[in-house]
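The values are calculated or read from the model by the stated rules, or taken from the named source; none is laboratory data. All of these numbers come straight from a predicted model, not from anything done at the bench. With ideal geometry, Cβ positions are generated from the backbone for all residues, glycine too; neighbour counts draw on all protein chains shown. With ligands, DNA and RNA removed, areas are computed over all heavy atoms of the protein, side chains included. Shrake-Rupley method; radii C 1.70, N 1.55, O 1.52, S 1.80 Å.
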Amino acid sequence: MGQSLTYKILSSHLVGGNLKQGEEIALKIDRTLTQDATGTMAYLQFEAIGVPKVKTELSVSYIDHNTLQTGFENADDHRFLQTIAAKYGIFYSKAGNGICHQVNLERFGIPGKTLLGSDSHTPTAGGVGMIAIGAGGLDVAVAMGGGAFYMNVPKVVLVKLSGKLQDFVSAKDVILELLRRLTVKGGVGRIFEYGGEGVKTLSVPERAVITNMGAELGATTSVFPSDERTMEFLKAEGRIQDYTPLSADEDAVYDEVIEIDLSSLEPLAAKPHMPDQVVKVSELKDVKVDQSAIGSCTNSSYADLMTVAAILKGKKVHPDVSLVISPGSKQVFEMIAKNGALADLIASGARILESTCGPCIGMGQAPRSGAVSLRTFNRNFEGRSGTKDAKIYLVSPQTAAASALTGYITDPRTLGKVPEIKMPEKFDIDDSMIIPPSTKPEEVEVYRGPNIKPLPVQQKLPESISGKVLLKVGDNITTDHIMPAGSKILPLRSNIPAISKYVFETVDPAFSERALKEKGGFVIGGENYGQGSSREHAALAPMYLGVKAVIAKSFARIHFANLINFGILPLIFENPADYDKIKQGDELIAPDILKELNERKPVTFINKSQGNAEYKFKYNLTDRQVKIIKEGGLLNETKSSQQHPATI
Ligand code: MIC
Ligand code: SF4
């Protein structure tokens, strides 16, 4: 029986467990990436583990999120990150060098390797044939220390592509089509492996758009084969030596198969406020546009920006539209500057931003009240843009550019002749903004500005837990709801006491104060609780506020792992109808929780506010995870077991 590409890469990195769907495995991680918003915590945790140098083959620390320097905090944090990278054997990609996933693809993506990144869009590297997984900073810290990465073997879904994209239809429309069919929960517990004749019609940057937004499906990761197109890309990046052909066996077996005929697709858009609210762009033609934003780790490659420049060349942006463009990397920026495309963008009236995440994470360019903003990004959660009532639509660069010209959401196919973009045989290569680690690490002093606060500690799990239901929420709660980002809150990522004031701010601004007053308690959630970003602050800050357990109908993968890592119990309703019976403010007690966990029995909660009603909650935890919870989190467990988990 043949193997899928996914199983080939997983089996060559297996250091524990059996490669069988649903079972827990331990994987060797070849490479890691962090970015500045998650990196400060990840490196503080790495320091706490106490390893003198990273044990990975390559670890890179990128600066791309916290780049709006309105106070000392971000610049201080960047200095911390630079010095800690120098000391511990980590490469440091300076602010301005580009968005982590774009730079990683260009300069470090390598078929067949594993990559763990403290960012949910790490799977972008699947475009070049890597098994690249997003995780919390602590998991990445453990991997840098030589520890394995644990996960339950997902189902492997073959996405069989046929045909070829029509003019003005793009890779973005492929992944939007999948989101339309499967929703934001559709990929949970799954890896999407792309195959079929249509694969060879897509370039590596196009493939990376698709693997990037696999995160929005909730997928563990997505991967494309490594073929001639991969070779072409690596050659143009001056890295032909990194090429290896990789594909599934002809008779590979898959858990599920999905077919997409690329020729049948048309331009699509995800309406506010979820990436799965997908409709045809042509149905939105009467919607007036206020802002069009092009960039982010999804759509900011050389080809994307050249396409946009060709559409805008010789034309002017509509007077009522603000068009903002952020090239994905210094490489892209420099190349479009040299070949004149940047001049075409500027001449059309576009506002050019630096090569960072920028508006995607609410770091500037918040739209006006009630605005319609078209974005080539990957997430349109309510409030993420910085303006709560703004209506964000996710679209392709072609649609964003066409709409910026007309002032209405416009199907780019109405533009007439498709611009022809010639890909360069060689990209401009200049890695001078990637600083190698110090050759004298013992002489490097780690800089710690006043914004770096010590890691909060969690106590061991007591015999019983009790408290009030601090908040009850519905389905698909994102980590942006739990721990919002944006220019005001992001600079506090290395300061847990300060950032915890904003937990659930957009859902219930009184949450943080209430949690502290009640000395912690519980959160009740619906389906897919914690989808979206990998930010472990969505577990760490609630832990600091005393949240002891989250009881939900189901959880998203990364957040589930983060809760465990910080000693918060993720519990699941055995009887989903109990969700309706528990009210916010109810007083709950789990009298025998420790004993029940030890005996691996469902846990019993008593609701003192509802006539001592009894509920049973289950937990999909492995023995290893139960141990972590009992110790009060992974860091405690790692220290108490005297050695790093599954040290390789
Ligand atoms: C995001 O897109 O939400 C982020 C910001 O990149 C996050 C990481 C973070 O919150 O720092 C992610 O996707 O993991
Ligand atoms: Fe940055 Fe946005 Fe990509 Fe997150 S999704 S890494 S914020 S560009």
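Sorted by mean Cβ packing within 10 Å, highest first, what order do the peptides 35-43, 304-312, 600-608 take?
Details: 35-43: 27.8, 304-312: 25.2, 600-608: 16.3.
Most protected by this proxy first, the peptides run 35-43, 304-312, 600-608.
Rounded, prolate or oblate: which fits the stretch 278-419, taking a ≥ b ≥ c as square roots of the Cα gyration tensor eigenvalues, rounded meaning a/c under 1.5, else prolate when a/b beats b/c? Mind showing how you got there, number by number?
Numbers: a/c = 1.67, a/b = 1.17, b/c = 1.42.
Taking the square roots of the gyration eigenvalues as a ≥ b ≥ c, the stretch 278-419 is oblate.
Work out the FRET efficiency for residue 315 and residue 162 from their Cβ-Cβ distance, taking R0 = 56 Å, and round it to the nearest 0.05. Spell out each step's value before the answer.
Numbers: r = 35 Å, r/R0 = 0.63.
That gives a FRET efficiency of 0.95.
Please give the per residue accessible area of the chain, computed with a probe of 1.4 Å over protein heavy atoms only, in Å². Write down the numbers at each step before the final one.
Working: 22970 Å² over 648 residues.
Ligands and nucleic acids excluded, the result is 35 Å² per residue.
Would you list, by chain and number, the lysines whose Cα falls below 19 Å from the Cα of residue 422, excluding same-chain residues fewer than 8 positions away?
Of all the lysines, those that pass the test against residue 422 - Cα under 19 Å, at least 8 places apart if same chain - are 164, 200, 235, 313, 338.
Mind pulling up the Rg/Rh value for the stretch 434-531? Radius of gyration and Kirkwood radius, both on Cα.
Numbers: Rg = 18.0 Å, Rh = 16.4 Å.
For the stretch 434-531, the value is 1.10.
Given Cβ point charges of +1 (Lys, Arg) and -1 (Asp, Glu) and nothing else, what value in debye, to the nearest 20, does the dipole of the chain about its Cα centre take? Please list the in-between numbers first.
On the way: 72 positive and 74 negative charges, 203 e Å.
With only Lys, Arg, Asp and Glu charged at Cβ, the dipole is about 980 debye.
Relative contact order of the stretch 452-568, please, whole-number percent, based on alpha carbon pairs below 8 angstrom and at least 6 residues apart.
Details: 216 pairs, mean separation 37.1, N = 117.
With pairs under 8 Å counted, the relative contact order is 32 percent.
Rounded, prolate or oblate: which one fits the stretch 107-180, using the alpha carbon gyration tensor with axes a ≥ b ≥ c (rounded when a/c is under 1.5, else prolate when a/b beats b/c, else oblate)? Each step should come with its number before you reach the end.
Details: a/c = 2.41, a/b = 2.14, b/c = 1.13.
Prolate shape, in that a/c is at least 1.5 and a/b is the bigger ratio.
Enter the Cα centre distance for the pair the stretch 333-407 and the stretch 299-322, rounded to the nearest angstrom.
The two parts, judged by their Cα centres, are 10 Å apart.
Express in whole angstrom the spacing between the alpha-carbon centres of the stretch 536-609 and the stretch 55-116.
34 Å
Quick one: net charge of residue 149's neighbours, Cβ under 9 Å, K/R +1, D/E -1? Let's see the in-between values first.
Details: positive: 28; negative: 139.
For residues surrounding residue 149, the net value is 0.
Quick one: the Cα spread of the stretch 34-183 along its three principal axes, in angstroms, biggest first?
Extents along the principal axes, in whole Å: 50, 38, 27.
How far apart, in nanometres, would the label points at residue 256 and residue 337 be if each is projected 7 angstrom from Cα along the Cα-to-Cβ direction?
Each label point lies 7 Å from its Cα, and together they span 4.5 nm.
If R0 is 30 Å, what FRET efficiency do you get for residue 200 and residue 282 from their C-beta distance, rounded to 0.05? List each step's numbers first, then the result.
Numbers: r = 29 Å, r/R0 = 0.95.
That gives a FRET efficiency of 0.55.
What shape does the stretch 188-335 take by its C-alpha gyration tensor, where a ≥ b ≥ c are the square roots of the eigenvalues and a/c under 1.5 counts as rounded, a/b above b/c as prolate, and the rest as oblate? Present the calculation step by step, with values, prior to reporting the outcome.
Details: a/c = 2.25, a/b = 1.35, b/c = 1.67.
Oblate is the answer for the stretch 188-335, as a/c is 1.5 or above yet b/c matches or exceeds a/b.
Using every Cα-Cα pair within the stretch 347-502, state what percent have a distance larger than 20 Å. Walk me through the intermediate numbers first.
Values: 8610 of 12090 pairs.
Percentage above 20 Å: 71.
Among bridges DSSP assigns within the chain, what percent are antiparallel (round to 5)? It would help to have the intermediate numbers written out before the result.
On the way: 28 of 86 bridges.
That works out to approximately 35 percent antiparallel.
Express in % the proportion of alpha carbon pairs of the stretch 237-313 at distances exceeding 16 Å.
That fraction is 77 percent.
Whole Å is fine, so just give me how far the alpha carbon centre of the stretch 445-512 lies from that of the stretch 8-54.
That distance is 24 Å.
When the accessible area of the stretch 353-479 is computed with all protein chains present and a 1.4 Å probe, what percentage of it is carbon and sulfur? Intermediate values should be presented prior to the final figure.
On the way: 2940 of 5810 Å².
Carbon-and-sulfur percentage of accessible area, whole number: 51.
Can you tell me the relative contact order of the chain? Whole percent, Cα pairs under 8 Å, sequence separation 6 or more.
Details: 1671 pairs, mean separation 96.4, N = 648.
With pairs under 8 Å counted, the relative contact order is 15 percent.
Suppose R0 equals 56 Å; then what is the FRET efficiency for residue 475 and residue 443 from their Cβ-Cβ distance, rounded to the nearest 0.05?
Working: r = 53 Å, r/R0 = 0.94.
After rounding, the FRET efficiency stands at 0.60.
What full-extension length gain, to one decimal in nm, is calculated for residue 508 and residue 488 as 0.36 nm per residue of separation minus the Cα-Cα distance? Can you show the working numbers first?
Working: separation 20, 0.36 × 20 = 7.20 nm, distance 1.75 nm.
Once the chain is fully extended between residue 508 and residue 488, it gains 5.4 nm.
From zero up to wherever the largest Cα-Cα distance of the chain sits, split into 10 Å bins and tell me the percent of pairs in each.
3, 17, 28, 28, 17, 6, 1, 0
Averaging over all projection directions, find the projected area of the Cα convex hull of the stretch 1-114 and quote it in nm² with one decimal place. Could the numbers behind the result be given before it?
Details: hull surface 35.2 nm².
Averaged projected hull area, Cα only: 8.8 nm².
Mind checking the full-extension length gain between residue 12 and residue 426? Use 0.36 nm per residue of separation minus the Cα-Cα distance, one decimal, nm. Before the final figure, lay out each step's value.
Details: separation 414, 0.36 × 414 = 149.04 nm, distance 3.18 nm.
In short, 145.9 nm is gained.
Could you work out the relative contact order of the stretch 191-330? I mean the mean sequence separation of Cα pairs under 8 Å and 6+ apart, divided by the number of residues, in percent.
19 percent
Quantify, in whole percent, the carbon and sulfur part of the accessible surface of the stretch 165-306 (1.4 Å probe; protein heavy atoms only).
Carbon and sulfur atoms account for 47 percent of the accessible area of the stretch 165-306.
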